[in-house]
Amino acid sequence: ITGDIPGSNLVMTLEELIELGSNKHEKELVKRISDLQPSDIATFVYTSGTTGVPKGTVLTHESFLAGVYGSTKSLPSLEGLETINFLPLCHVLGRENSFIHMYSGTVQWYAESFEKLGENIREAKPHFFSAVPRVFEKAFNKISDKVENKGPRAVRLFNWSIQVGREVSQHLQNKERIPFNLKWKYLIAKRLVFNKIHKGFGGRLEFVVSGGAPLSRKLSELFHAVGILILEGYGLTETCSATHVNQRDNFRFGTVGLPIDGIEAKLADDNEILVRGKSIMLGYYKNEKLTKEALSPEGWYHTEDIGEIDSEGFLKIVDRKKDLIVTSGGKNVAPQYIENLLKSSPYISECLVYGDKRNFLSALIVPDEERTRAWARKNNIAHKTFTALIRKKEIIQFIEKEIEDIGQDIASYQRVKKFALLDKEFTEAAGEITPSLKLKRSVIIKKHQKLLDQFYENRYN
């Protein structure tokens with residue numbers, strides 16, 4: 001703003017700002033830098049608020065530095081490589097990634113927007129990048145769509161190549177020698193199929209890091225079959241950086257890897273994940289009660305995530321403690337696990353599983369609009385709008401068959417028995433997802449509570 005604003009000492013005019021900027025304070029700057037201590041507060045970063053009101057985490061300079069040092073020791077040398085960062089800098093992962101890249105001597109590109117990410121990746125030609133699972137889900141769906149559009153012959157070649165890639169992946173996971181015949185098959189698959197996929201990521205991609213939400217094991221294995229290694233990691237706003245990450249020479253799909261250098265991890269009696277290290281926050285801003293609940297006197301941070309640790313120390317995330325569903329029959333269900341399974345269907349874009357204190361699970365399903373419309377055209381199902389399409393009996397039955405097929409490999413109490421189709425994806429603007437694309441369950445459930453309640457009424461069909 002410009003001009004005088006009478007009666008306010010909280011607003012600075014543009015003229016005042018310019019005048020302040022014309023004065024040099026070099027001695028004061030040098031003094032402030034020399035007085036700075038690792039234990040000094042660097043910033044407040046607010047949590048995403050998936051389980052309630054966002055909380056302000058108090059992070060120190062040491063928090064960020066410990067995360068940078070620990071992460072760079074767990075990852076391969078990044079010096080001279082190029083990467084692209086699209087995560088918002090209001091998100092701790094986006095900020096910490098930037099610091100890691102600066103420290104490592106990495107050339108860093110910033111994406112214009114999430115919508116332009118694919119285009120920006122092809123332009124930047126990164127050697128690696130970090131992303132949330134939704135990016136990889138959408139990327140593989142686009143790859144599959146392109147293959148299907150080329151006809152049956154292309155589909156057969158793609159499926160054969162993926163199978164060859166899976167066999168190679170299994171040998172690599174087991175640290176076994178790849179048989180000579182399989183090497184030749186893989187070279188053919190690489191030349192005819194995989195190189196084209198790599199070109200879509202710029203052609204120089206060596207590995208990617210996934211975090212912010214659970215990544216399905218199936219998706220990790222699919223990308224590895226193609227020759228793209230996804231290193232899944234784990235961390236929270238309160239831990240400032242990753243506490244765990246898989247390594248290029250020591251990874252295990254379905255887990256978030258081993259603790260990074262400087263981090264201790266263990267499970268509480270109820271299997272809640274506890275972590276301790278110099279990167280952990282000081283506490284929550286102006287909230288002593290929540291700080292005491294989150295941090296033990298010994299410095300252990302209670303993550304509110306349920307996990308499992310195998311004999312070699314690899315951590316597997318089960319679900320958020322508050323998100324766990326306990327059915328009326330006493331069965332514990334991790335909704336994120338079921339949701340990831342459902343999203344393995346190319347026709348399901350988003351979903352939310354519901355059923356706490358109920359006798360069965362239900363779900364809100366957002367079908368993939370492009371693929372669902374294509375299936376409808378192929379099957380001569382006339383429609384004017386997507387809203388009208390998903391109400392048609394044929395579409396409901398088709399999605400129901402997808403859900404039933406996915407449910408064959410899980411226990412009966414984990415299967416979705418009833419569902420509703422929604423015509424719009426969950427958005428950050430509507431408060432339904434976080435900047436890192438995690439579901440805000442309480443918001444979505446409240447918005448659709450009447451619909452969800454109908455699933456459990458005897459008269460509902």
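The values are calculated or read from the model by the stated rules, or taken from the named source; none is laboratory data. Here the structure is a predicted model, which means the values were calculated and not measured. Glycine also receives a Cβ, built like all others from the backbone with ideal geometry; neighbour counts cover every protein chain displayed.
Please go through segment 152-172 and give me each residue that is of a type in the set (D, E, K, R) and within 28 Å of residue 250 (Cα to Cα), ordered by number. Give the steps one after another, and end with the answer.
Filtering segment 152-172 down to residues of a type in the set (D, E, K, R) leaves 153, 156, 166-167.
Listed by number, the residues that qualify are 166, 167.
Could you check segment 166-195 and list, in sequence order, the residues that are under 26 Å from residue 119 (Cα atoms), crowded, with 16+ Cβ neighbours inside 10 Å and not aromatic (Phe, Trp, Tyr)?
189, 190, 193
Considering segment 214-271 alone, what residues qualify as being basic (Lys, Arg) and touching a Leu at 6+ places or on another chain (Cβ under 7 Å)?
To start, the set of residues in segment 214-271 that are basic (Lys, Arg) comprises 217-218, 248, 252, 266.
Of everything in segment 214-271, those that are basic (Lys, Arg) and touching a Leu at 6+ places or on another chain (Cβ under 7 Å) turn out to be 248, 266.
Please pick out the residue among 112, 123 that is closer than 26 Å to residue 47 by Cα and surrounded by fewer than 18 Cβ atoms within 10 Å (Cβ to Cβ). Step through it out loud before you land on a result.
Details: 123 fails: closer than 26 Å to residue 47 by Cα.
Being closer than 26 Å to residue 47 by Cα and surrounded by fewer than 18 Cβ atoms within 10 Å (Cβ to Cβ) holds for just one of 112, 123, which is 112.
Would a scan of segment 199-214 turn up a residue that is of a type in the set (A, V, I, L, M) and without any contact (Cβ under 8 Å) to a residue 60 or more places away in the chain? Spell out the reasoning first.
Here is the first cut: in segment 199-214, the ones of a type in the set (A, V, I, L, M) are 205, 208-209, 213.
Checking the rest, the ones that are also without any contact (Cβ under 8 Å) to a residue 60 or more places away in the chain come to none.
No, because not a single residue in segment 199-214 is of a type in the set (A, V, I, L, M) and without any contact (Cβ under 8 Å) to a residue 60 or more places away in the chain.
Which fully enclosed strands (runs of 3 or more DSSP E) of segment 168-257 have 3 or more residues being of a type in the set (Val, Ile, Thr) and under 18 Å from the mean Cα position of the chain (by Cα)? Even if it seems obvious, please write down each step before you answer.
Numbers: elements: 207-210, 229-235, 242-245.
Of the strands (runs of 3 or more DSSP E) lying wholly inside segment 168-257, none has at least 3 residues that are of a type in the set (Val, Ile, Thr) and under 18 Å from the mean Cα position of the chain (by Cα).
Being more than 22 Å from residue 261 (Cα to Cα) and hydroxyl-bearing (Ser, Thr, Tyr) is the requirement here; does residue 303 meet it? Let's see the steps before the verdict.
On the way: more than 22 Å from residue 261 (Cα to Cα): no; hydroxyl-bearing (Ser, Thr, Tyr): yes.
When the stated conditions are applied, residue 303 does not pass them.
Using the structure shown, decide if residue 341 is farther than 23 Å from residue 233 by Cα and not hydroxyl-bearing (Ser, Thr, Tyr).
Numbers: farther than 23 Å from residue 233 by Cα: no; not hydroxyl-bearing (Ser, Thr, Tyr): yes.
It is false that residue 341 is farther than 23 Å from residue 233 by Cα and not hydroxyl-bearing (Ser, Thr, Tyr).
Could you please find all residues in segment 115-130 being of a type in the set (D, E, K, R) and part of a helix (DSSP H, G or I)? Walk me through how you get there before you give the answer.
Looking only at segment 115-130, we keep the residues that are of a type in the set (D, E, K, R), and these are 115-116, 119, 122-123, 125.
Of everything in segment 115-130, those that are of a type in the set (D, E, K, R) and part of a helix (DSSP H, G or I) turn out to be 119, 122, 123.
When the residues of segment 431-461 are narrowed to those that are at pLDDT 90 or above and of a type in the set (A, V, I, L, M, F, W, C), which ends up farthest from the chain's Cα centre (by Cα)?
Selected residue: 455.
Scan 326, 333, 275 and give me the residue that is over 24 Å from the mean Cα position of the chain (by Cα) and of a type outside the set (Phe, Trp, Tyr). Full working, then the answer.
Details: 333 fails: over 24 Å from the mean Cα position of the chain (by Cα); 275 fails: over 24 Å from the mean Cα position of the chain (by Cα).
Just a single option satisfies the conditions, and that option is 326.
Quick one: in segment 346-362, of everything that is buried (at least 20 other Cβ atoms within 10 Å of the Cβ) and closer than 15 Å to residue 415 by Cβ, which residue is nearest to the chain's Cα centre (by Cα)?
It comes out as 351.
Would you check which residues across segment 104-163 are polar (S, T, N, Q) and either over 25 Å from the mean Cα position of the chain (by Cα) or farther than 28 Å from residue 78 by Cα (or both) and list them?
Selection gives 141, 144, 149, 159, 161, 163.
Go through 372, 387 for me and flag whichever is hydroxyl-bearing (Ser, Thr, Tyr) and surrounded by fewer than 20 Cβ atoms within 10 Å (Cβ to Cβ). Walk me through how you get there before you give the answer.
On the way: 372 fails: surrounded by fewer than 20 Cβ atoms within 10 Å (Cβ to Cβ).
Being hydroxyl-bearing (Ser, Thr, Tyr) and surrounded by fewer than 20 Cβ atoms within 10 Å (Cβ to Cβ) holds for just one of 372, 387, which is 387.
For a quick check of your reading of the model, give me the residue pairs whose first member lies in segment 361-374 and is over 19 Å from residue 418 (Cα atoms) and assigned by TED's automatic domain parsing to the domain that holds residue 391, whose second is in a helix (DSSP H, G or I) and among the β-branched types (Val, Ile, Thr), with beta-carbon atoms closer than 8 Å and at least 6 apart or on different chains.
Hits for this filter: 372/395.
So that you can scan it fast, the table gives a plain yes or no per residue for (1) among the polar types (S, T, N, Q); (2) at pLDDT 80 or above; (3) farther than 30 Å from residue 434 by Cβ:
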| position | (1), (2), (3) |
| --- | --- |
| 4 | no, no, yes |
| 22 | yes, yes, yes |
| 38 | no, yes, no |
| 47 | yes, yes, no |
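Looking at segment 286-339, which of the residues that are among the polar types (S, T, N, Q) and closer than 30 Å to residue 416 by Cβ is surrounded by the most Cβ atoms within 10 Å (Cβ to Cβ)? Please lay out each step first, then the result.
Taking segment 286-339 as the starting set, the residues that turn out to be among the polar types (S, T, N, Q) are 287, 291, 296, 303, 311, 327-328, 332, 336.
Now drop any that are not closer than 30 Å to residue 416 by Cβ, which leaves 303, 327-328, 332, 336.
Values: 303: 23, 327: 17, 328: 12, 332: 13, 336: 20.
Taking the candidates together, the pick is 303.
When the residues of segment 405-432 are narrowed to those that are of a type in the set (Lys, Arg) and surrounded by 14 or more Cβ atoms within 10 Å (Cβ to Cβ), which ends up farthest from residue 451 (Cα to Cα)?
Here is the first cut: in segment 405-432, the residues of a type in the set (Lys, Arg) are 415, 417-418, 424.
Retained after the next criterion (residues that are surrounded by 14 or more Cβ atoms within 10 Å (Cβ to Cβ)): 415, 417-418.
On the way: 415: 19, 417: 15, 418: 11 Å.
Applying the filter and picking the extreme gives 415.
Can you tell me which residue in segment 256-282 is surrounded by the most Cβ atoms within 10 Å (Cβ to Cβ), limited to those that are among the β-branched types (Val, Ile, Thr) and more than 24 Å from residue 56 (Cβ to Cβ)? Let's see the steps before the verdict.
Pass one, segment 256-282, residues among the β-branched types (Val, Ile, Thr): 256, 260, 263, 273, 275, 280.
Pick out the ones that are also more than 24 Å from residue 56 (Cβ to Cβ) and you get 256, 260.
Numbers: 256: 26, 260: 28.
Residue satisfying both the conditions and the ranking: 260.
Which condition does residue 85 not pass, out of (1) modelled with pLDDT of 90 or more; (2) surrounded by fewer than 18 Cβ atoms within 10 Å (Cβ to Cβ); (3) not aliphatic (A, V, I, L, M), if it passes all the others?
(2)
So which residues in segment 438-454 are crowded, with 19+ Cβ neighbours inside 10 Å and assigned to a loop (DSSP other than H, G, I, E, B), if there are any at all?
Listed by number, the residues that qualify are 438, 440.
Of the residues in segment 202-221, how many are farther than 30 Å from residue 323 by Cβ, out of contact with any strand residue (DSSP E or B) (no Cβ under 6 Å at 6 or more places or on another chain) and surrounded by fewer than 19 Cβ atoms within 10 Å (Cβ to Cβ)? Reasoning before the result, please.
Step one: filter segment 202-221 for residues farther than 30 Å from residue 323 by Cβ, giving 202-206.
From what's left, out of contact with any strand residue (DSSP E or B) (no Cβ under 6 Å at 6 or more places or on another chain): 202-205.
Right, trim to surrounded by fewer than 19 Cβ atoms within 10 Å (Cβ to Cβ) and you get 202-204.
Total satisfying the criteria: 3.
Somewhere in segment 131-148, is a residue more than 30 Å from residue 439 (Cβ to Cβ), part of a helix (DSSP H, G or I) and either of a type in the set (A, V, I, L, M) or touching a helix residue (DSSP H, G or I) at 6+ places or on another chain (Cβ under 8 Å) (or both)?
Filtering segment 131-148 for residues more than 30 Å from residue 439 (Cβ to Cβ) gives none.
For segment 131-148, residues more than 30 Å from residue 439 (Cβ to Cβ), part of a helix (DSSP H, G or I) and either of a type in the set (A, V, I, L, M) or touching a helix residue (DSSP H, G or I) at 6+ places or on another chain (Cβ under 8 Å) (or both): absent.
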